[in-house]
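Visitor: Can you read through this structure? Questions will come right after.
The values are calculated or read from the model by the stated rules, or taken from the named source; none is laboratory data. This one's a predicted model, so the numbers in the text were calculated from it and none came from an experiment. Here Cβ is always computed from backbone atoms with ideal geometry, including for glycine, and neighbour counts include all displayed protein chains.
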Amino acid sequence: MNEIIREIEAEQLKENVGDFHVGDTVKVYGKIKEGNRERIQVFEGTVLKMQGGSNRATFTVRKVSNGVGVEKTWPMHSPNVEKVEVVRRGKVRRAKLNYLRDRVGKKAKVKELVR
């Protein structure tokens, strides 16, 4: 039974997910359906956390829009995620950046990783 589930999940995996990590500022190109039309909307923010594995993997992106924090959790291998583009790399020492939710302004920034 376990092998059958693994095979089905392997078929659903995407080839090119994008190389990004926690703390990076990314642009997520998500497909949005409105009636019978479909369009792509960009959501730009900081990656707070990545969790799960295989085809169940998700990542959470946070941005501040009009003074209000907005978070969206995206499935990595979803067909509704067109692509994930890295705007800048972040230098962090944690796997989950939940502390950013309480910070406002310059304190909520993540240092840039220079390579």
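Visitor: Can you find, within the range 66-87, the residue that is surrounded by the fewest Cβ atoms within 10 Å (Cβ to Cβ) among those that are under 12 Å from the mean Cα position of the chain (by Cα), without any contact (Cβ under 8 Å) to a residue 40 or more places away in the chain and in a strand (DSSP E or B)?
Guide: Out of the qualifying residues, it is Thr73.
Visitor: Pull up the range 1-23, narrow it to residues that are out of contact with any helix residue (DSSP H, G or I) (no Cβ under 8 Å at 6 or more places or on another chain), assigned to a loop (DSSP other than H, G, I, E, B) and among the aliphatic types (A, V, I, L, M), then point me to the one that is modelled with the highest pLDDT.
Guide: Val22
Visitor: OK, next. Do you know which residues across the range 1-30 are under 11 Å from the mean Cα position of the chain (by Cα) and among the aliphatic types (A, V, I, L, M)?
Guide: Within the range 1-30, Val17, Val22, Val26, Val28 meet the criteria.
Visitor: Just one of Lys33, Lys27, Lys63 is surrounded by fewer than 17 Cβ atoms within 10 Å (Cβ to Cβ), charged (D, E, K, R), under 16 Å from Glu85 (Cβ atoms) and without any contact (Cβ under 8 Å) to a residue 60 or more places away in the chain; which is it? Give the derivation first.
Guide: Working: Lys33 fails: under 16 Å from Glu85 (Cβ atoms); Lys27 fails: without any contact (Cβ under 8 Å) to a residue 60 or more places away in the chain.
The unique qualifying residue is Lys63.
Visitor: Please pick out the residue among Val92, Val61, Val84 that is of a type outside the set (Asp, Glu) and at pLDDT 95 or above.
Guide: So the residue among Val92, Val61, Val84 that is of a type outside the set (Asp, Glu) and at pLDDT 95 or above is Val61.
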